[in-house]
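Inspection log for the structure reproduced underneath, given as structure tokens.
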Amino acid sequence: MAYAYLFKYIIIGDTGVGKSCLLLQFTDKRFQPVHDLTIGVEFGARMITIDGKQIKLQIWDTAGQEAFRSITRSYYRGAAGALLVYDITRRDTFNHLTTWLEDARQHSNSNMVIMLIGNKSDLESRREVKKEEGEAFAREHGLVFMETSAKTAANVEEAFINTAKEIYEKIQEGVFDINNEANGIKIGPQHSAAGGAGGAGGAGAGGAAGGGCC
Amino acid sequence: MPSSDSEDFESADEGQEENDKKVRKKRTSSSNYGDNALETISEPKETIKSSARHQTDSKPKSDGWDDFDIDCPIENEKVVENKEMKKCNVSKSKEDIKSQDTGWDDFDDWGNEETLIKTTEQKQQEVKSDKDIKELTDKLAASTVQSSSWGWGWGVDSLLSSATAGITSITSQVSQGISNVLETGIGAPDPEELARKNLKATAEVTEKHPDRNVNDDKEVVKEAAQTSSDDVSFPFGSLLSGVTKFVETTGTKVIAGGLDTLETIGKKTMEVLQDGDPGLAKKRAMLGLDPGEKPVLSQILREAKAKADEEDKIREEKREAKEVHYENLFDDFEGLVHLEALEMLSKQVSMRIEERLRAADPEKKQDIKETMQQVIELCEIPEDEDDEETSEDQSKPDAFHEKLQIATQDLGLKLQFQSLVKQYTDILDFLSSNDSMNEKVIYKRAVSSLAQATALSVEIYHKTAEMLLVKTRRSTADEADALTQMTVVLTKHISELATLFTVKLNSIASGNKDQINNYITNIFLESGNSSTYIQNAFQLTLPILQIGAV
């Protein structure tokens, strides 16, 4: 399908926090209570529209198991956005956030937009992590924060789309060099051919972006 | 174009006057002017009727007229208002009155020239007012006829109609509002007064442009252009008699505002039309509306349709080309992203191997290098061995599945081949169906199937690599052998698919042979492409095998 930009996302976080369910809810709008353990990485894609532009989100849903940690780390590179997910009903998943964040910061580019997500907000009765704690963590580390429920779909769209908006803004500001694919942004096929309206927009906003792509 | 309000009025009158002149010219040429005038006086009612008919006749020539008809009475009304109500505090009204006063001086001349019989009797004045109305409508009709006869009326009309179409909604709304005011709030003026005013107005402008009476072709054309912009000013006659009955002495301001708007709209329209092109010469040329080469509307429409069809066809072709574009399809089936992930993994592992090499003793280093070389040798694809026959009691997909499982049994991993097997089943179902298919459908399915099978294969390599990396006990030799065998099975599967589709294509009796041959060539090309992707994926897996051994 034709798109103006492609953003690469990664979803990271402890095993069982609902990463694959979030992806399934976002791409297929359905919820699957029992999910196979993710091996390495699985993919999902969806088209969204920001500022009248078609943007393809290519989401890399990584395995949360410790065994795959070394593998999944190699996938961080070239992501424009990351969803760092914890489970509000399991404090340990919240406690591991610092490690995940360090990992992400170390293996990805510094401009990557990170969204902190407290998932399973539908299970209020089993809540172990207060919303305020999530907010505080996000504030402290300069992340965007949101509580979601992959089951009820609450905030799922917002989580993915707000991240994309933030990335899009960074492109407009010239923070992201869209011609460097290591940033996790690719220009759509119709744009790369013509030099691109998107490319021109980016170049206009940030001088670094430059003119001719490819 | 004049811009001040007072001048606006003049220009409006001017338009009226110009038409007037044309009518006069016409009459003089036909040399029955006098009769006409007499006739008018003797049979005022009939002339009004005839004028009404004139107007109806002229209407179908252009939609624009209808709109102007609505505007015009209001225009005229305003002049009346200005004169009648001196208390009017709009500054420009004073100027109007002034100009009208000057008009009076010329009135006699004009009257002498125009009317043979002019009495001072009230009755006759009234008749004359009727006559004026008639004249105005006559003029309207005449000018329309005239412009048409000049061969350019079409152009103006069409330009106007398109322009007016845009403002119709505005003007109709405005004029509707105003006519409401007129009908309800404004008393009927003295007909005598009205008649005088009309004459005054016309006389005034006549005096201003005496030279325009020259019967010059160009001038006429130009005038006509202006007329069209100022059409606003004259068709009011026909409606005047009706509307004025309701006119009373209130609402001046509302009317003034509305009229200003109307005039501005009319002028703006003409400005747009004439923008940097007085006389609209260029625009008419552009539209092919010059006299002598009138365009045939149906031809224009035919050409437009042909052009649109052509564009549609090109767009459709592009869309279809995209639809059967192998790389796009491969991407859609997530083949590209799996390949990308596998590449990242492969690079990462290669770096780790190099690190180990650097850290190792010189002696160990040699060992590592040798082991790595051995792995590469193990992974060399064997030369075509004889095709082992599949047992007859097994379906093709099942045989394929079994081959894959046998090939990978030493890998020590639980690999999922279901999606590949299911795809194979679907393809066989598709090809064995008796539905008549054209070559294009088969070709599309062929390219899409090859892309999908390749994407699924690449995914298997990717998954295998990931699982091998987390495997606790490695047996590199077995793994290398298994993966090599798997590669053989997969590439054979690809060529099998290509063959199935080409056989099907060849079996089509009807159809374009050249096109079919073209498709067959493309299918084999894409199957070669697919094999290359699979081989690449296999090569990317090599470091993952090697790291298990060093």
### Convex hull volume of chain A per residue (C-alpha atoms, cubic angstrom)
113
### Query
Magnitude of the Cβ-charge dipole of chain A, K/R +1 and D/E -1, about the Cα centre, nearest 20 debye?
340
## Note on the structure
Ordered by number, the trypsin sites (Lys or Arg not before Pro) in region B:359-454 that occupy a DSSP loop and have at most 16 other Cβ atoms within 10 Å are B:Lys414
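Taking a cut-off of 17 Å, what percent of all Cα-Cα pairs in region A:41-132 are separated by more than that? Working shown, then result.
On the way: 2396 of 4186 pairs.
Roughly 57 percent, rounded to a whole number.
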### Task
Sum up the charges of everything whose Cβ sits under 10 Å from the Cβ of A:Val41, counting Lys and Arg as +1 and Asp and Glu as -1, but leave A:Val41 out.
-2
### Query
Is region B:429-550 best put as rounded, prolate or oblate by its Cα gyration tensor, with a ≥ b ≥ c the root eigenvalues, rounded for a/c under 1.5, and otherwise prolate when a/b is larger than b/c, oblate when not?
prolate
### Task
Enter the angle in degrees (range 0 to 90, nearest 10) between the Cα long axis of helix A:131-141 and the first principal axis of the Cα atoms of chain A, meaning the one along which they spread out most.
40
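For chain A, what is the mean residue ellipticity at 222 nm derived from helices alone (per DSSP H run of n ≥ 4: -39500 (n - 2.57); sum divided by total residues; nearest 500 deg cm²/dmol)? Write out the running numbers ahead of the final one.
Details: 8 runs with 78 residues, N = 214.
Theoretical 222 nm ellipticity from helices: -10500 deg cm²/dmol.
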### Cα-Cα P(r), region B:317-357, percent of pairs per 5 Å interval
6, 21, 14, 14, 11, 9, 9, 7, 4, 3, 1
### Task
Note the angle between two axes, namely the Cα long axis of helix A:97-107 and the longest principal axis of the Cα atoms of chain A, as a number of degrees from 0 to 90, rounded to the nearest 10.
30
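Every number here is computed from the coordinates shown, using simple stated rules; none is lab data. Please read all numbers here as calculations on a predicted model, not as lab measurements. Neighbour counts are summed over all protein chains in view; Cβ atoms, including those assigned to glycine, are modelled from backbone coordinates with ideal geometry.
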